[in-house]
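The values are calculated or read from the model by the stated rules, or taken from the named source; none is laboratory data. Please read these numbers as outputs of a predicted model, since none were measured by experiment. Neighbour counts run over all protein chains shown; Cβ positions are idealised from the backbone, glycine included.
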Amino acid sequence: MPAATSSSRPIPASAGIGLRAAHHADFLEARPDIPWVEVHSENFFADGGRQLQLLDTIRHDYGLSLHGVGLSLGSTDPLDGEHLRRLARLVRRVEPALVSEHVAWGSVAGTFLNDLLPMPCTSEALAQLVSRVGQVQDLLGRQILVENVSSYLQFAGNEMTEWEFLVALARRAGCLLLLDVNNIFVNASNHGFDPLAYLDAIPPELVAEYHIAGHSVVAAAGETLLVDTHDAPVAAAVWQLFAAALLRIGRRPVLLERDARLPPLAALIAEARLADRLMEAGRARVA
């Protein structure tokens with residue numbers, strides 16, 4: 001499996017933001033003092049146009065991460081050849097520092113569900129994902145990151161915990177982990193496990209990046225459910241779990257995700273800088 005390669009600006013162990021279309025114009029005008037941004041890969045699959053020109057401009061001054069949401073890595077359908085072709089073309093064009101996808105599925109029998117659905121934690125599902133991550137890495141000629149997703153039900157046939165599944169996937173496929181701290185918190189609340197036990201089970205050398213985001217609290221069937229909505233500021237409890245991750249795993253690039261009810265760009269960047277302050281505080285404690 002090829003090692004990760006990139007000739008773009010490197011991404012430091014600092015906070016970046018998810019750059020969404022509503023902020024493109026403001027970002028180009030303000031050129032904010034942050035080191036890196038993440039974009040959703042599929043939004044830049046066009047053959048040309050202003051979107052690609054935007055990436056060409058940004059990549060010269062900022063670290064760039066491509067984050068996929070539509071590859072459906074965990075599906076039993078064959079990998080979408082056209083999707084992969086466009087992703088490979090985009091990677092060659094912008095040479096991102098990081099490329100990531102989700103440990104999830106979103107299609108069955110050719111029908112796409114527009115969601116990131118969790119995997120059953122079974123040896124069969126693990127083997128399927130290992131094979132497909134390998135195919136993607138071989139095609140791209142580089143290592144990718146895979147992200148844990150939120151879930152609201154558990155499979156009756158699970159053979160291992162979510163964190164055991166993730167670690168086995170990373171080790172067997174030769175990929176790295178994009179650890180979504182909000183999703184760990186959401187799943188811990190929804191399914192009743194200790195999020196610190198999850199963090200303790202993740203070998204630090206497998207983690208290349210963190211995500212943090214906001215979630216919503218909803219009532220469902222008489223119970224309280226947390227939903228990974230990316231439409232609110234990061235909750236205080238998630239900041240606390242992020243601080244715990246820094247102590248257990250260490251400082252890594254961290255991405256503030258916001259996809260709905262977007263605040264002004266300046267407010268988003270100010271929230272991302274909270275992550276930088278937490279990382280600096282953690283460094284001071286270690287020192």
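Which number in (1) over 21 Å from TRP36 (Cβ atoms); (2) in contact (Cβ under 8 Å) with a residue 40 or more places away in the chain; (3) in contact with a strand residue (DSSP E or B) (Cβ under 6 Å, 6 or more places away or on another chain) marks the one condition that ALA173 misses?
Of (1) over 21 Å from TRP36 (Cβ atoms); (2) in contact (Cβ under 8 Å) with a residue 40 or more places away in the chain; (3) in contact with a strand residue (DSSP E or B) (Cβ under 6 Å, 6 or more places away or on another chain), only one is false for ALA173: (3).
Six or more apart or on different chains, Cβ atoms under 8 Å: show the pairs whose first residue is in the range 260-282 and part of a loop (DSSP other than H, G, I, E, B) and whose second is basic (Lys, Arg).
LEU262/ARG20
Within the range 192-208, restricting attention to residues that are of a type in the set (D, E, K, R) and without any contact (Cβ under 8 Å) to a residue 12 or more places away in the chain, which residue is surrounded by the most Cβ atoms within 10 Å (Cβ to Cβ)?
The residue in question is GLU205.
For the range 221-257, give me the residue count where each residue is hydrophobic (A, V, I, L, M, F, W, C), outside any helix (DSSP H, G or I) and either closer than 11 Å to ALA275 by Cα or in contact (Cβ under 8 Å) with a residue 40 or more places away in the chain (or both).
Final tally of qualifying residues: 9.
Just give me the residues in the range 120-138 being of a type in the set (Ser, Thr, Tyr) and part of a helix (DSSP H, G or I), in sequence order.
Correct list: SER123, SER131.
List, please: which pairs have Cβ atoms under 7 Å, are six or more places apart or on different chains, and start with a residue in the range 51-64 that is under 14 Å from PHE27 (Cα atoms) and end with one that is assigned to a helix (DSSP H, G or I) and polar (S, T, N, Q)?
If the second residue must be assigned to a helix (DSSP H, G or I) and polar (S, T, N, Q), the pairs left are GLN51/ASN43.
Quick one: in the range 135-159, of everything that is of a type outside the set (A, V, I, L, M, F, W, C), under 19 Å from the mean Cα position of the chain (by Cα) and under 19 Å from GLY106 (Cα atoms), which residue is surrounded by the most Cβ atoms within 10 Å (Cβ to Cβ)?
By that ranking, first place goes to ASN148.
Name the single residue that is farthest from THR229 (Cα to Cα) among those in the range 118-161 being without any contact (Cβ under 8 Å) to a residue 40 or more places away in the chain and in contact with a Gly (Cβ under 8 Å, 6 or more places away or on another chain).
Out of the qualifying residues, it is THR122.
List the helices (runs of 4 or more DSSP H) inside the range 1-119, counting only whole elements, that have at least 2 residues being surrounded by 18 or more Cβ atoms within 10 Å (Cβ to Cβ).
Where helices (runs of 4 or more DSSP H) fall fully within the range 1-119 and carry at least 2 residues being surrounded by 18 or more Cβ atoms within 10 Å (Cβ to Cβ), they are 50-58, 81-94.
Report yes if GLU124 is at pLDDT 95 or above, of a type in the set (D, E, K, R) and exposed (fewer than 15 other Cβ atoms within 10 Å of the Cβ), otherwise no.
Criteria met by GLU124.
Please work out if SER65 is under 19 Å from the mean Cα position of the chain (by Cα), among the small types (Gly, Ala, Ser) and modelled with pLDDT under 95.
On the way: under 19 Å from the mean Cα position of the chain (by Cα): yes; among the small types (Gly, Ala, Ser): yes; modelled with pLDDT under 95: no.
The answer is no for SER65.
For the range 246-273, give me each residue that is basic (Lys, Arg), out of contact with any Asp or Glu (no Cβ under 6 Å at 6 or more places or on another chain) and under 20 Å from PRO10 (Cα atoms).
Residues satisfying the conditions are ARG251, ARG273.
Give me a count of the residues in the range 209-220 that are of a type outside the set (D, E, K, R) and buried (at least 21 other Cβ atoms within 10 Å of the Cβ).
Number of matching residues: 6.
Residue check: is LEU117 under 20 Å from the mean Cα position of the chain (by Cα) and at pLDDT below 95?
The answer is yes for LEU117.
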